Amino acid sequence: MGYVEKNLIPEETLYAQGHLHWIIFSKAIFWGLAAIALLLYALEEQAAGVFENAQLLMYGGLVLLIPALWYAAAALIKRISTELAVTSKRVIAKFGFIRRNTVELNHSKVESFHVEQGVLGCILGFGTLHINGTGGGITPIPNISDPLGFRRRAMEGIDDSQK
């Protein structure tokens with residue numbers, strides 16, 4: 001049970017949940033592919049009988065695995081510890097694992113949603129959702145998966161609650 005489920009108030013139902021896009025793993029993927037390429041090249045050099053270069057390339061490939069694993073762990077923690085939800089009464093965003101940051105806006109306090117997507121975001125289906133609250137507060141939620149769909153579900157939830 002996550003933060004959102006634990007903090008639902010009486011007679012509040014969950015309309016939609018969002019999550020971060022896999023693009024947050026891009027640094028880990030880059031470094032992992034570089035490490036694999038170097039390790040494969042080292043094996044090819046070793047098979048060709050060039051042992052001094054193969055050993056150096058092998059160590060280089062293993063060193064490149066360190067940032068790959070670091071970025072993968074950081075992205076996994078970020079993905080697991082981020083919760084986005086629209087309930088019958090609020091829009092909720094929770095970030096962080098050890099240091100928690102939450103944004104909870106009652107439907108009456110939400111002025112608008114703004115979606116920002118670049119070309120790659122349009123192709124792969126991710127973007128930044130900005131929630132504009134009354135009083136000028138703007139909450140950006142970067143790298144959200146299907147930001148247009150989440151915005152649509154949020155707007156539907158707000159419309160349903162105001163009927």
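Read-outs: derived from the displayed coordinates by stated rules, not from any lab. Fair warning: this is a prediction, and the values are worked out from it, not measured in the lab. Here the Cβ is made from the backbone with ideal geometry for all residues, glycine too, and neighbour counts use every protein chain on show.
Annotations
- For GLY137, the shell of other residues with beta-carbons less than 11 Å away shows a net charge of 0, using +1 for Lys and Arg and -1 for Asp and Glu.
- Order of ARG151, ARG100 - criterion: other Cβ atoms within 10 Å of each residue's Cβ, fewest first: ARG100, ARG151
- The range 56-148: relative contact order in percent, alpha carbon pairs under 8 Å with at least 6 residues between: 16
- The peptide list 112-120, 57-65, put in order of mean Cβ contacts within 10 Å with the highest first, becomes 57-65, 112-120.
- Of the DSSP H helices in the chain, those whose Cα atoms cover at least 20 Å axially and whose Kyte score averages -0.5 or more: 26-47, 51-81
- Residue ranges 86-94, 9-17 sort as 86-94, 9-17 when ordered by packing (mean number of other C-beta atoms within 10 Å per residue, highest first).
- The distance separating the Cα centre of the range 146-163 from that of the range 79-133 comes to 12 Å.
- Both radii were evaluated on the Cα set of the chain; the Rg over Rh quotient, with Rh as the Kirkwood radius, amounts to 1.19.
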